[in-house]
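Here's the structure we're looking at; comments come further down.
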4 protein chains.
Amino acid sequence: MVEMASTAFQGRRLGEAFEIWARMLKKRQIVIWMGLAGAMVPAGMRKIITQFIRRRMIDVLVTTGATIYHDTYEAIGGKHFKGTDRADDVQLRKYRIDRMYDVYADEKKFYRLDNEIEKDFCSLLRDNHPYSSRQITEKLGSWLSSRAREKDNISLAAYEAGVPIFLPAICDSSLGFAIMFANRRRGRRIIIDHMKDIDESAMITEKCAKSGVVILGGGVPKNFIQQSAVVASYATRHDRTHNYAVQITTDAAHWGGLSGATLEEAKSWGKYSPRAQMVTCHVDSTIALPIVAQALAERFKRIRRNIPRFDWAGETLEITFQRFKG
Amino acid sequence: MVEMASTAFQGRRLGEAFEIWARMLKKRQIVIWMGLAGAMVPAGMRKIITQFIRRRMIDVLVTTGATIYHDTYEAIGGKHFKGTDRADDVQLRKYRIDRMYDVYADEKKFYRLDNEIEKDFCSLLRDNHPYSSRQITEKLGSWLSSRAREKDNISLAAYEAGVPIFLPAICDSSLGFAIMFANRRRGRRIIIDHMKDIDESAMITEKCAKSGVVILGGGVPKNFIQQSAVVASYATRHDRTHNYAVQITTDAAHWGGLSGATLEEAKSWGKYSPRAQMVTCHVDSTIALPIVAQALAERFKRIRRNIPRFDWAGETLEITFQRFKG
Amino acid sequence: MVEMASTAFQGRRLGEAFEIWARMLKKRQIVIWMGLAGAMVPAGMRKIITQFIRRRMIDVLVTTGATIYHDTYEAIGGKHFKGTDRADDVQLRKYRIDRMYDVYADEKKFYRLDNEIEKDFCSLLRDNHPYSSRQITEKLGSWLSSRAREKDNISLAAYEAGVPIFLPAICDSSLGFAIMFANRRRGRRIIIDHMKDIDESAMITEKCAKSGVVILGGGVPKNFIQQSAVVASYATRHDRTHNYAVQITTDAAHWGGLSGATLEEAKSWGKYSPRAQMVTCHVDSTIALPIVAQALAERFKRIRRNIPRFDWAGETLEITFQRFKG
Amino acid sequence: MVEMASTAFQGRRLGEAFEIWARMLKKRQIVIWMGLAGAMVPAGMRKIITQFIRRRMIDVLVTTGATIYHDTYEAIGGKHFKGTDRADDVQLRKYRIDRMYDVYADEKKFYRLDNEIEKDFCSLLRDNHPYSSRQITEKLGSWLSSRAREKDNISLAAYEAGVPIFLPAICDSSLGFAIMFANRRRGRRIIIDHMKDIDESAMITEKCAKSGVVILGGGVPKNFIQQSAVVASYATRHDRTHNYAVQITTDAAHWGGLSGATLEEAKSWGKYSPRAQMVTCHVDSTIALPIVAQALAERFKRIRRNIPRFDWAGETLEITFQRFKG
């Protein structure tokens, strides 16, 4: 891994990604964000993510509703199966097999989960009370602590480790729609208020002295994390930028979209410090994650000394750094 | 354009994209969705989108908060400038110039807009009233009808044409954070409740007999539109799929993500009919849109006969088809 | 087309590609190279290429052996068929249908052509005489002038228009192997000596005052054209660079390969003038070619005034510019 | 590595690539081809390639003239330097620094090498004698055995290990043009006859019972290896296909080019057996090579039992399998 940094092209970038992340982990007072897009749970990356959380290689997770939904599906015994991208999808439809490239899932089990969320999980939520997505995932982690059949669960691990999870597009997932059905069919009035997501995420960036970012795959998670710097700067009226960044993406800058945009571009927006240490590596996360995770595990027998602890009291946030006993 | 359909590779696909969209426009009772991701307003595609709305080549728009924010920025006189992707971003930062690949925007004007939204636009919104993003964009269109300095405005055009706009990740944009600041700094309690977005979008798919989809660029808009079929099927307990689809993307299926996923894959989920007419073309939207828009304009002097009209009364939706006088 | 240059992302680039090519065509004394990679003949781009040659929008063509082989296949009545990229290739094999993404060809007709080349075309070539690939394609054009069943033939058009065609990797194609079989099975001793290709191509760049380059798709053709500047500079001991460049590619710079490399990178090698007018557009050639070809045809009713004429005498080259009667 | 095969997307593919290559190495009578495109020597992959050759994880190498040129440049003491892709290329030009994405080379040293090849190496070659590129690289390996300052040299390693190297587009490289200058400036008549390349490569595939292919990066090397099956079949009048294939590429199938084409497509051409074990992984070779090389080294303390030995006598080839003492 270290040797890769002295090669070239994307191999060098992957080596540098490892080095910059390792450098973040050595900082004493830093908050490390992870942005996670793509079907990483069906792709078998769940255990690696859970380890990142438990060993506190990350402090805040921003991901899609789908990731947390897939994670919950596995928690209640749902399986993702090795399939093929050359399948006959009309045939799969007949058997209610949902395909994600070369992975299959069981739609009937999805429906059972939808039902459990709608009926059971939602019974823990209050009506007419605007929740941030962070509060929803915290509740979910707590709900799963008694139900999950295994321990490699992302929201459960995050709940236990005190790592907040934001889902800024929760309505764009089965998790969202299962909650919606509690409203539509059971007369509930559950409200997920994403204004609170912006507020809470910005508060983290406002209150921490230094921050690092690990972006896997672009999309809303990438923008949301970067945006927290813009909001924090707007709120405090001085530049409050991220200090380290690692971006793993298969997108390309020349398409002009945010997912493929360079980290340099984000400097023009004040999302990263002019002196930020940053690297982008163009590679599938399913390749980068196992390699970097293993290299980090080998490098750090004992990882970080201090980790941030987030205390949300009402509408304010307190961040304290405490000794980490990994 | 027609000739391109008899070539090969992505040229053929672009020709087929035109043909399938044209076929949608000839159907008498159909709802046509457009999913729009990427910085298409800064990229100069605004007038084309507005024309699609005014000439009713689309009936529902799902896009990002950023698109509508950029659109509003231009409405109040903000400009997007031709820049270069080889800029020095630290230098740009000094001048508060925000870069989007090869386009520049004026951050000070952004801040002025943020302020107008926070103070002025938000004064039209009620406290403690959960809004769907569709309701927010409708209000915005109405607000702009007296303020926009020009007519090529997307939310204004949509407001006038009765085209609903959904922003399922509104919190992931400056539009969202400007509203949030009304809450944080002015003691407001504005709530954007995305549960309503799922509900309303699913209702459209539940209630229309046939539907077509034009996807530009993946991301949340793509998934959200496709999800409306899943939710509608779950609600009605029988497959309620989309019937036509055109996908323009620069992503590739082999990365396993939703943005690049084939439309065939979505059939396994019941998002498209087994007999849906579909095509994916791999090309930058900034190339595809002008070409297809011009070809459609040439083909259709007088476009559709009937267009859907959406009547939202309380929490229900009525769709009627009426004569279109383009 | 002109309007596209004021948009952004790859749309802007395509507009600029058109503008730079148009600027080349207005220069009085310029040699315009085209590098053509990819299965452009099966993809239906043959007529467009032929028009570029006949209307002298290009002066030298560097392409693959496969392109000229496919071109000859169509000349003798072979067809490329619209197929699908989702075919069962084992099944296709049984019917001897050769697939190129979504295009099919008839392998039996390929074999018949191989036989005609081996027996008939090769009878025009001398033994133990080292030919450059340019000489081979010239002979082929001449051979086809009596045989081609239609006029949209690239090597025939080039032969008639005096446009040299180089195939620097001729052995990497069926054209090459059909000639090889004349040696192996018929006791011939035909020699294709690529040292002469380097020599002849460099001479063109050495002797012309200004040169422009249109690169479609990377690969050997791109490098070979750019290399001609390096060889010419090495030979003349001063920088002899290309002055204009348009690159159409689907590759990306970040993979580090020559096909996706920026034109700026090539400046460090002295392949382009420091002041060269250049643009790269990331798009499939099957989309770019029809659009740019049509825009050029509309812009230039009467095209160039002067075109270069290449006189190869023995091992030297004379370039004269003469009036063009398009 | 083994675990990766049970994940998904390109991570799974990389795991499968390892497995299929490992399976090839266990076969008793097999010829393993490697196709190597891209600037892999400047990218620091030279030692890995040399190990593949010395430990006989490959038996035949097909690559670009540039790769062997870069390899020779390092052999005589030339260096490739870590640079940046964000360089000012006009500035680099002034210092005669040639850039390959994020790697720099010293143009003056290139020129010195050109001179040595032209004067010194070419003195080993006969006039008016058509050489195949395989014969040229063999001579080069022999030439370097007394000159190379280090042992990690690809052509030297291949010469010592009896691994033939084909350069089917040798004229598209500095190696080619340096030889050409011997003809142009020193009155030599060196002939590189690629007809012999086709003949010799086809003979390998004709005479071996089983063959496997490892393709890194597409381009001419990929096609040339696959073509050897077509030529062999045409010569022997029955299907003589490859049996195993691993493809590492950053290209995508949907562009329709040969570099990104699926291995399945090649089955329709009879390049692979209908039952061939094949996998394509989309990833930069600079990431795949170090990972796969390490995994192979760990798995195989003692590698293959038998390796092919190629005896070229005049215009015929004899392949015998002999015990390998790795």
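In terms of Cα atoms, the Rg and Dmax of segment B:3-323 work out to 19.4, 61 Å. I need the shape label for segment D:1-115. Rule: rounded when a/c is under 1.5, else prolate if a/b > b/c, else oblate, with a, b, c from the alpha carbon gyration tensor. Oblate is the answer for segment D:1-115, as a/c is 1.5 or above yet b/c matches or exceeds a/b. Once the Cβ-Cβ distance of B:Arg28 and B:Thr236 is raised to the sixth power relative to R0 = 30 Å, the FRET efficiency obtained is 0.85.
Within 10 Å of each Cβ of D:185-195, how many other protein chain Cβ atoms are there on average? Please list the in-between numbers first.
Values: counts 1, 0, 0, 1, 3, 3, 8, 7, 12, 14, 16.
Mean partner-chain Cβ count within 10 Å for D:185-195: 6.
Note: relative contact order over chain A, using C-alpha pairs below 8 Å and six or more positions apart, is 24 percent. Net charge dipole, chain B: roughly 980 debye, given to the nearest 20, about the Cα centre with Cβ charges of +1 for Lys and Arg and -1 for Asp and Glu. Peptide D:88-97 shows a mean partner chain C-beta count of 5 within 10 Å per residue C-beta.
Looking at segment D:1-132, the DSSP beta bridges with both ends there are about 65 percent antiparallel.
Where both bridge residues fall in the protein assembly as shown, DSSP classifies roughly 35% of the beta bridges as antiparallel.
With the label put 7 angstrom out from Cα along the Cα-to-Cβ vector, D:Glu315 ends up 2.6, 8.7, 9.0 nm from the copy partners, going from closest to farthest.
Assuming R0 = 30 Å, can you tell me the calculated FRET efficiency for the pair B:Glu3 and C:Leu124, based on Cβ-Cβ distance, to the nearest 0.05? Don't skip to the end; give the middle numbers.
Values: r = 36 Å, r/R0 = 1.21.
Taking R0 as 30 Å, the efficiency between B:Glu3 and C:Leu124 is 0.25.
Residue of chain C with the Cβ closest to the rotation axis carrying C onto D, and that distance rounded to whole Å: C:Ala169, 2. Over all distinct Cα-Cα pairs of segment A:105-184, the Kirkwood formula returns a hydrodynamic radius of 13.2 Å.
How much of the DSSP beta bridge set in chain A is antiparallel, as a percent to the nearest 5? Intermediate results must be reported in sequence, preceding the final value.
On the way: 15 of 41 bridges.
Of the beta bridges lying entirely in chain A, close to 35 percent run antiparallel.
In order along segment B:262-278, the phi-based Karplus estimate (6.51 cos²θ - 1.76 cosθ + 1.60, θ = phi - 60°) of 3J(HN,Hα) comes to 5, 6, 4, 3, 5, 5, 4, 8, x, 8, 10, 4, x, 9, 4, 8, 9 Hz; Gly and Pro are listed as x. For D:Lys47 and B:Arg299, the FRET efficiency from 1/(1 + (r/R0)^6), where r spans their Cβ atoms and R0 equals 60 Å, is about 0.50. Sorted from closest to farthest, the other copies place their B:Arg186 label points 3.7, 8.2, 8.6 nm away, with each point set 7 Å from Cα along Cα→Cβ.
Backbone geometry of segment B:116-122 corresponds, through the Karplus equation with coefficients 6.51, -1.76 and 1.60 at θ = phi - 60°, to 3J(HN,Hα) couplings of 5, 5, 4, 8, 8, 4, 5 Hz, x marking Gly and Pro.
How big is the charge dipole of the protein assembly as shown about its Cα centre, in debye rounded to the nearest 20, if each Lys and Arg gets +1 on its Cβ and each Asp and Glu gets -1 on its Cβ?
The calculated dipole for the protein assembly as shown is roughly 0 debye.
With contributions of -39500 (n - 2.57) from each DSSP H run of at least four residues, the per-residue ellipticity at 222 nm computed over chain A stands at -14000 deg cm²/dmol. Counting neighbouring Cβ atoms within 10 Å and putting the fewest first, the residues A:Met40, C:Met1, C:Met203 line up as C:Met1, C:Met203, A:Met40. Placing a label point 7 Å from the Cα of B:Thr236 along the Cα-to-Cβ direction, the distances to the matching points in the other copies come to 5.2, 5.9, 7.2 nm, shortest first.
Across the residues of C:243-255, average count of Cβ atoms on other protein chains within 10 Å?
Values: counts 0, 0, 0, 0, 0, 0, 1, 13, 9, 9, 5, 14, 14.
Per residue, the number of nearby Cβ atoms from other chains is 5 on average.
Candidates D:Ile191, D:Ser228, D:Gly217 compared by Cα position along the dipole of segment D:145-249: farthest toward the positive end lies D:Ile191, with charges placed on Cβ.
Among B:155-165, B:313-323, what's the highest-first ranking by average C-beta atoms within 10 angstrom per residue? Each step should come with its number before you reach the end.
Numbers: B:155-165: 22.6, B:313-323: 11.3.
Output ranking for B:155-165, B:313-323: B:155-165, B:313-323.
Remark: segment A:41-56, residue by residue, has Karplus-estimated 3J(HN,Hα) of 6, x, 7, x, 8, 4, 5, 5, 4, 4, 5, 4, 6, 5, 8, 6 Hz, where x stands for each Gly or Pro and the curve is 6.51 cos²θ - 1.76 cosθ + 1.60 at θ = phi - 60°. Model label sites at A:Lys94 and D:Thr316, defined 7 Å from Cα along the beta-carbon direction, differ in position by 5.7 nm. With the convex hull constructed from alpha-carbon coordinates only, segment C:152-287 shows a mean projected area of 10.4 nm² over all directions.
So for the protein assembly as shown, considering every pair of alpha-carbon atoms, how many percent are separated by more than 54 Å? Intermediate results must be reported in sequence, preceding the final value.
Working: 185950 of 849556 pairs.
Of all Cα-Cα distances in the protein assembly as shown, 22 percent exceed 54 Å.
Each value in this text was obtained by applying a stated rule to the coordinates, not by laboratory testing. If you're wondering where the values come from, they're calculated on a predicted model, not measured in any experiment. Methodologically, a virtual Cβ is constructed for each residue, glycine included, from the backbone with ideal geometry; neighbour enumeration extends over all protein chains shown.
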